[in-house]
1. What figure in square angstrom, to the nearest 10, would you give for the accessible area of Phe211 with a 1.4 Å probe?
2. When 1/r is averaged over all different Cα pairs and the result inverted, which Kirkwood radius in Å belongs to segment 73-218?
3. Could you please state how large a percent of the accessible area of segment 25-119 is carbon and sulfur, counting protein chains only and using a 1.4 Å probe?
4. List every residue whose amide H lies under 5 Å from the amide H of Leu400, counting only residues 5 or more places away in sequence or on a different chain, with H placed 1.01 Å from N in the peptide plane.
5. Under a Cβ-only charge scheme (Lys and Arg +1, Asp and Glu -1), can you give me the dipole magnitude of segment 136-249 about the Cα centre, in debye to the nearest 20?
6. Can you check what the net charge comes to around Asn58, using other residues whose Cβ is under 15 Å from the Cβ of Asn58 (Lys, Arg +1; Asp, Glu -1)?
7. Applying the Karplus parametrisation 6.51 cos²θ - 1.76 cosθ + 1.60 with θ = phi - 60° to the phi angles of segment 97-105, what ³J(HN,Hα) value in whole Hz is obtained for each residue in order, glycine and proline being reported as x?
8. Taking 0.36 nm per residue of sequence separation and subtracting the Cα-Cα distance, how much length would be gained by fully extending the chain between Ser456 and Ser6, in nm to one decimal?
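The values are calculated or read from the model by the stated rules, or taken from the named source; none is laboratory data. Model, not experiment: these values are computed from the prediction. Heads up, the Cβs are rebuilt from the backbone with ideal geometry, glycines too, and the neighbour counts pull from every protein chain shown. These area figures cover heavy atoms from the full protein model, side chains too; ligands, DNA and RNA do not enter into them. Shrake-Rupley method; radii C 1.70, N 1.55, O 1.52, S 1.80 Å.
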Amino acid sequence: MEGKTSRKLFCWCFCMLLALFTLSLTSYAPWIGYVFYADQGWHLAIGQWMNAGIVPLNDIFEMKGLFYYFVQYLGVKIAGSQGVWLIETLLLTMGYVYLYKFSKLYLSHHWSLLTVFFCMLLYYPLNYTGDTTESIAFSFVVMSAYYMQKALKEKGELSNWHVWLISFCSVLLLHIKLNYCSYICILGLFIVARLVVAARYRLLLRYLVLFLCGMLVFNLPFIVYLYAHGALKDFVDVYFVYGFEYSGMTSSSVKIDNFFHVMWMWLRDKQIFVAVIVALVGYRYWTRKRDIFYLLGSFVFSAIFTVGASGYPFEHYRIIIVWQLAFFIAVFCSLLFKVQYVGKYLPIAYILYFSISAFTWCRTYYRNEIREEPKYLSEPRELAEKINAVLAPNSNILLLDCPPSTYYWCGKPLAIKYGAFQDMIFKARPAAETDFYNQISMGKCDAIVCSAEYYSILKEKVDMSIYSNVVFEGGYWMLFNGQ
């Protein structure tokens, strides 16, 4: 009993250390210097505004899920950006622990620890900004995958408690980013098929009822929050309707091209591609079992829905599926030990080769994205200092064609709910553009900071007599409401 407890404690400590290392050089780690990228700084600013009483999706036009915003709200309330970093570290630790438990379904204790290590090596260079929806969702994806894969391994059987846990993870993933539920959908279909083939209809019905009841119960806090703040209609409109409009702006051919572009970043690395293929074939050969192919199916389909659905080739999209590759690589190494004439030296050589390659990727990202701190990362702080030097403390602000993270550094209220990424919103919704310029014309903004290009657009579409006090500072126009 003591041995089992000490092993669990070691596992948690090991996973926490790896989580700390994984997030140690993210751009908003406490010892880096609070460097915020566009999305990251914008989301931290939303956390600030929520602490001031702003309601996301109602007062701010942004299409991330409510739970993700609650993480920003809680983290900022605890200790600003450092609070969000702490929450992300705790969530990643939990994700690594469940990855260990997942690997234990197939591998020994030591190989399962190696799976987590491999995952860290793959995860690390993809998350140099930190605080992405993928990094927040990671642990809930792995947790639900563990219980569902365990059910597939054990002839589709789940305890009632595990069904509720899966529904809990489903709700949180639903309120982080809609397409992350694809993992649960795919593995859930495999469980349904397994139970239908076995003619276990009563068990299937029980699972469906428990899952749907869990979805209802765990969704209630979100529904009550939205209803109490009059944001239920905005939630449906922005999160669901606009989300599909946003995805629809990219053609299917472009989505396919971007999907293969992102996935090719892995496939071109022979040490990964060969490991996955050998792991699948070798596991089937040695065990005569097919359950690992369920994981392959979920990997392929969920990659399509998570990496390919948006149509944009951002590397951090791969965070959500990286743990599966780590597992395949660990299976590959364990299989090498089974080959009689290979011995232990080849798998050890592979592990060292893969680790050195991965640390090379990490070093490249650190050098290019963090240490040198390009101008577009330091500019928001400098711009915010200039804005705060001339603007009253309680004045609201609107930024146009400026780094969105400037909002966080300014600490000012948002003037209009279309606060960032306006071109993207207006492309999908022309009516929003009309509403946007009408509100500016009505004098809703105390100050507008914009690029020279946007200043020219404003002079064409807005009565600039309201914003008669104009200053050009640091490459941006600052317009102040004279009413």
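1. 60
2. Values: mean 1/r = 0.0609 Å⁻¹.
Kirkwood hydrodynamic radius for segment 73-218: 16.4 Å.
3. On the way: 1790 of 2780 Å².
C and S fraction of accessible area: 64 percent.
4. Long-range HN contacts for Leu400: Val449, Cys450, Ser451.
5. 560
6. Counting the neighbours of Asn58, the net charge comes to -2.
7. Karplus-based 3J(HN,Hα) across segment 97-105 equals 4, 6, 5, 4, 5, 4, 5, 5, 5 Hz.
8. Details: separation 450, 0.36 × 450 = 162.00 nm, distance 6.62 nm.
Additional length available on full extension: 155.4 nm.
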